[in-house]
1. Quick check on this structure: which one of Trp74, Trp49 is under 23 Å from Leu153 (Cβ atoms), open to solvent by 40 Å² or more (accessible area, probe 1.4 Å) and not small (Gly, Ala, Ser)?
2. How many residues does region 113-137 hold that are under 17 Å from Leu50 (Cβ atoms) and either among the aromatic types (Phe, Trp, Tyr) or in a helix (DSSP H, G or I) (or both)?
3. Restricting region 10-27 to residues that are of a type in the set (A, V, I, L, M, F, W, C) and farther than 17 Å from Pro130 by Cβ, which is most open to solvent (accessible area, probe 1.4 Å)?
4. Looking at Ser112, Ser106, can you tell me which residue is in contact with a helix residue (DSSP H, G or I) (Cβ under 9 Å, 6 or more places away or on another chain) and open to solvent by less than 40 Å² (accessible area, probe 1.4 Å)?
5. So, in region 140-159, exactly how many residues are assigned to a helix (DSSP H, G or I) and within 18 Å of Ala82 (Cα to Cα)?
6. Out of region 137-174, which residues are at pLDDT 85 or above and acidic (Asp, Glu)?
7. Take the residues in region 125-139 that are open to solvent by less than 30 Å² (accessible area, probe 1.4 Å) and touching a residue at least 40 places away in the same chain (Cβ under 8 Å); name whichever of them is nearest to Met86 (Cα to Cα).
8. Considering every residue within region 28-36, establish whether at least one is in contact (Cβ under 8 Å) with a residue 12 or more places away in the chain and either more than 20 Å from Glu148 (Cβ to Cβ) or open to solvent by less than 70 Å² (accessible area, probe 1.4 Å) (or both).
Amino acid sequence: MRRFLDRLYAGSGALAAVCVFLICALMLAQAFARGMGAQIRGTDDIVSWLCAAAAFFALGHTFRHGELVRVGLWLERLGPRARRVMELWALGLTAAFGAYMLWAVSRFIYQSWQFNEVAQGLLKVPIWIPQMSFLIGVVIFFIAVLDELVTVLGNRKPAYQLAEEARRAAGDFSETV
């Protein structure tokens, strides 16, 4: 199970990176086309969908690697028992918000599908198709939060704390700048 979850998070991070690469490629192609007096129609629509996809695909991966904004400085000042209690509280609250977000996003996309909503840009695409990246990203983030909650409940350090400790041991203090 651990290997599957780690691959899931790595895969979602890779998908986010592919989206960023495609954004770059499309914007460069559009710039070159304009320089030659041409235009690639629908590029703005695709780039906006890729921006959203990149942001949501990256959530689970960045959370597990300690790259999301947290209150780590405050938690580090607590003793081990108090820190565990606060980690459990924070992860439980995040899981509750994640569950609500998952429900709300699912409902939102279902309604887009149900009403046959179409994108309002140049490309007439059923909007639920690009919105699916939103749902997939939220599902992976929710799984990552539950994964960390189970880890802390098992009296182990969460992956984001281990990643942070590894960065500091390697002399990387860039998050404090």
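The values are calculated or read from the model by the stated rules, or taken from the named source; none is laboratory data. None of the values given here were measured: they were computed from a predicted structure. Positions of Cβ are generated from backbone atoms using ideal geometry, with glycine treated the same way; all protein chains shown enter the neighbour counts. Ligands, DNA and RNA are stripped out before the accessible areas are found, and what is left, the full protein with its side chains, is counted by its heavy atoms. Shrake-Rupley method; radii C 1.70, N 1.55, O 1.52, S 1.80 Å.
1. After applying the criteria, what remains is Trp74.
2. Matching residues across region 113-137 total 10.
3. Filtering region 10-27 for residues that are of a type in the set (A, V, I, L, M, F, W, C) and farther than 17 Å from Pro130 by Cβ, the one most open to solvent (accessible area, probe 1.4 Å) comes out as Phe21.
4. Ser112
5. Result for region 140-159: 6.
6. The answer is Asp147, Glu148.
7. The qualifying residue nearest to Met86 (Cα to Cα) is Val138.
8. yes
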